[in-house]
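This report refers to the structure that appears directly beneath it.
The values are calculated or read from the model by the stated rules, or taken from the named source; none is laboratory data. Just so it is clear, the model here is predicted, and its values are computed rather than measured. Neighbour counts are summed over all protein chains in view; Cβ atoms, including those assigned to glycine, are modelled from backbone coordinates with ideal geometry. Side chains included, ligands, DNA and RNA excluded: accessible areas come from the protein's heavy atoms. Shrake-Rupley method; radii C 1.70, N 1.55, O 1.52, S 1.80 Å.
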Amino acid sequence: MVGANLGDLRSRLLVQCQPGQAKNAARVASTHGTGLVLTGRTPGPVVRALREHGFTGPILCDANRYSGRRRSPAVSGLRASWTAEQQDLGLVAVTDSGYLGEHDWLGLRRILTDASRQRGPVIPMLPLAARWFEHSVDGLVAELNHFGLPAAVAIEHPRDPFSVRYLIRGFLELLEAEVPILLLRSNVSALGALCHGAHTAAIGTTCALRHLYPRGGRGAPRLPSIAAFVPRLLDYRPLPTIATQTPPAWRCDCPECDGRPLITLARSQRPEASAFRHSLSAQLTLHDRLCRRPVPAAAWHELCGNALAEHRYLAESLPDWHPPTNLRAWYQLTRDALAEHVQLPRQPALGQDQRARG
Ligand SMILES: [Zn+2]
């Protein structure tokens with residue numbers, strides 16, 4: 001079974017889903033040779049059902065004790081029974097940590113101490129307030145290096161944590177820790193994280209699983225209709241928007257779409273299921289391509305630049321069109337970092353490949 005040790009998770013883009021979505025998500029994940037993060041309190045029956053149906057990919061379990069109005073604080077510690085249950089299922093265990101507010105060093109040490117006393121393999125889950133990445137990354141890295149444990153992070157933010165440059169800068173510093181870092185509960189920025197050295201990352205199937213919203217905030221926005229991931233824009237858009245405001249020649253070559261125009265998603269007999277599978281498969285396809293590039297970080301930078309150019313082109317004729325702020329932040333920050341550290345090789349642009357097919 002793949003995923004019984006940490007090494008099996010290296011460079012993988014996982015799909016983070018609710019238990020009720022696991023069967024469909026596993027189908028897409030299998031096509032791309034990857035696995036799942038199951039978010040829920042009782043993953044055992046779902047994991048057993050997936051294995052009985054032949055799913056052999058890695059599975060991580062996210063207890064989600066750190067989110068919602070009644071979230072637990074990190075200082076409440078870890079339950080050994082949660083870790084043991086995952087290991088009995090043959091999985092690498094992720095701890096059921098509570099939320100880590102800014103400067104909660106006591107909570108951080110409680111999680112890491114408890115995790116270090118549990119039998120391995122175990123990954124401490126660190127659900128971090130965004131402000132950890134502003135001034136506290138050095139200390140966070142020092143604690144992780146001291147305990148010598150890998151860490152999975154989810155980052156709280158009212159909108160998108162990767163839309164602010166201090167956070168991307170801090171996250172890239174976190175990746176310099178001597179231990180593997182996993183990014184869970186993310187959106188397309190998970191691809192950027194992997195290109196910059198994250199051990200594993202996960203894209204969520206829903207808004208709530210692509211973000212960690214602050215307690216008492218507005219939470220996940222309620223979209224008026226089904227949305228789908230648009231590869232050229234590196235963003236989700238509602239199906240009616242895709243049908244009426246993006247070029248009809250835009251096709252998707254993910255295994256689910258097999259070259260069909262994106263506008264056909266809205267005409268599908270089951271548009272929600274089609275958009276679900278396409279959105280995951282398209283992001284996994286992009287990840288597969290980025291991994292094959294000589295310098296994935298440079299390829300990610302280029303991909304963000306191409307997507308921003310497409311957004312700007314659409315915004316010329318659509319006044320209400322807003323480019324996603326995370327792409328601009330990634331593009332600006334990685335431009336500076338790459339210019340400083342990486343000799344960019346000449347390579348065909350991912351966006352140019354797509355344009356030729358479109
Ligand atoms: Zn597709």
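From 241, 264, 246, which residue is farther than 30 Å from residue 100 by Cα, within 13 Å of the ligand (Cβ to nearest atom), outside the structural domain of residue 156 (by TED's automatic domain parsing) and out of contact with any Ser or Thr (no Cβ under 8 Å at 6 or more places or on another chain)?
That would be 264, the only listed residue that is farther than 30 Å from residue 100 by Cα, within 13 Å of the ligand (Cβ to nearest atom), outside the structural domain of residue 156 (by TED's automatic domain parsing) and out of contact with any Ser or Thr (no Cβ under 8 Å at 6 or more places or on another chain).
I need every pair where a residue in the stretch 291-320 that is assigned by TED's automatic domain parsing to the domain that holds residue 244 has its Cβ under 8 Å from the Cβ of a residue that is in a helix (DSSP H, G or I) and hydroxyl-bearing (Ser, Thr, Tyr), sequence separation at least 6 or different chains.
297/334; 300/334; 301/331; 301/334; 304/331; 304/334; 305/331; 308/331
Within the stretch 166-182, work out how many residues are in contact (Cβ under 8 Å) with a residue 24 or more places away in the chain and out of contact with any Phe, Trp or Tyr (no Cβ under 9 Å at 6 or more places or on another chain).
Number of matching residues: 6.
State which residue is farthest from residue 56 (Cα to Cα) when the search covers only the stretch 100-116 and only residues that are open to solvent by less than 30 Å² (accessible area, probe 1.4 Å) and not in a helix (DSSP H, G or I).
Among them, the one singled out is 101.
Can you confirm whether the stretch 344-358 contains a residue that is under 20 Å from the mean Cα position of the chain (by Cα), at pLDDT below 95 and not in a helix (DSSP H, G or I)?
For the stretch 344-358, residues under 20 Å from the mean Cα position of the chain (by Cα), at pLDDT below 95 and not in a helix (DSSP H, G or I): absent.
Which one of these does residue 235 not meet: (1) more than 16 Å from the ligand (Cβ to nearest atom); (2) under 23 Å from residue 303 (Cβ atoms)?
Result: residue 235 fails condition (1) only.
Need a quick list: helices (runs of 4 or more DSSP H) entirely within the stretch 213-316 having at least 3 residues that are surrounded by fewer than 21 Cβ atoms within 10 Å (Cβ to Cβ) and modelled with pLDDT of 95 or more.
Hits in the stretch 213-316: 271-292.
Cβ contacts < 7 Å: first residue more than 17 Å from residue 16 (Cα to Cα), restricted to the stretch 259-284; second residue near the ligand (Cβ under 9 Å from one of its atoms) and assigned to a loop (DSSP other than H, G, I, E, B), any location; separation 6+ or different chain. Result?
As it stands, the answer is 259/253; 260/252; 262/252, since those pairs meet every condition given.
Could you list, in sequence order, the residues of the stretch 272-287 that are more than 13 Å from the ligand (Cβ to nearest atom) and either over 22 Å from the mean Cα position of the chain (by Cα) or among the charged types (D, E, K, R) (or both)?
272 - this is the single residue of the stretch 272-287 that is more than 13 Å from the ligand (Cβ to nearest atom) and either over 22 Å from the mean Cα position of the chain (by Cα) or among the charged types (D, E, K, R) (or both).
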